[in-house]
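Every read-out reported here was derived from the displayed coordinates using simple, explicitly stated rules and does not represent laboratory data. Computed from a prediction, not measured in an experiment: that's the story for all the values here. A quick note on method: Cβ atoms are made from the backbone with ideal geometry, for glycine too, and the neighbour counts reach across all protein chains shown.
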Amino acid sequence: MGRWLLLAAVVCGLDQFTKALAAGYLELHRPLALIPGLQFRLTYNSGAAFSFLSDASGWQRWFFIGITLLICSFILAWLYRLQKAEFWSGVALGLVLGGALGNLWDRLALGAVLDFIDVYYGQWHWPAFNLADSAISVGAVILILVSLGEEKSE
């Protein structure tokens with residue numbers, strides 16, 4: 001379990017480091033072009049994925065903090081029960097836990113999640129995201145692939 005907690009700590013630490021850089025060097029909502037289709041744009045999301053509930057009156061902060069704490073508790077219990085052979089499940093859970101903790105830190109400290117990666121095509125923009133969101137997404141995909149592999153082997 002220790003190596004997965006270390007992975008989560010590294011993900012959370014890298015997430016907070018990149019967010020500190022973004023907050024220190026970027027101006028709010030002012031894009032910094034990198035390559036066509038990718039730019040940095042500092043935003044704060046008080047909602048969840050795809051800005052879900054971002055226009056609510058403030059109660060959503062505590063709701064998402066509570067949900068995140070429940071999810072982190074569930075992941076910790078799952079990690080505790082993992083067998084040594086379940087390597088990819090451990091990687092996936094470590095990524096998700098690290099990302100969840102990174103965004104939880106933002107919600108507690110800032111009241112919103114700091115996002116700064118902006119992927120776009122023409123005038124169409126994917127919702128801004130951060131390293132924590134990326135880790136959660138990659139971890140979720142790995143969990144899905146692991147579960148599909150387990151179904152085939154049964």
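Taking a ≥ b ≥ c as the square roots of the Cα gyration tensor eigenvalues, with a/c under 1.5 meaning rounded and otherwise prolate when a/b beats b/c, else oblate, which class fits the range 77-154?
Working: a/c = 4.12, a/b = 1.57, b/c = 2.63.
Note, shape of the range 77-154 comes out oblate.
Report the full-extension gain for the segment LEU70 to VAL10: residue separation times 0.36 nm, less the Cα-Cα distance, to one decimal in nm. It would help to have the intermediate numbers written out before the result.
On the way: separation 60, 0.36 × 60 = 21.60 nm, distance 2.10 nm.
Gain in length upon complete extension: 19.5 nm.
If we count other beta carbons within 10 Å of each Cβ, what is the order of TRP124, TRP62, TRP88, fewest first?
Starting with the residue having the fewest Cβ neighbours, the order is TRP124, TRP62, TRP88.
Helix 131-153 sits at what angle to the longest principal axis of the chain, using alpha carbons and giving 0 to 90 degrees rounded to 10?
It is inclined by approximately 30 degrees.
Consider just the alpha-carbon atoms of the chain and return their Rg together with their Dmax, both in angstrom.
Both quantities, over Cα of the chain: 16.6, 52 Å.
Long-range amide H contacts for SER46: which residues qualify at under 5 Å (H placed 1.01 Å from N, peptide plane, sequence gap of 5 or more or a different chain)?
Sorted by chain and number, the residues that satisfy this are VAL113.
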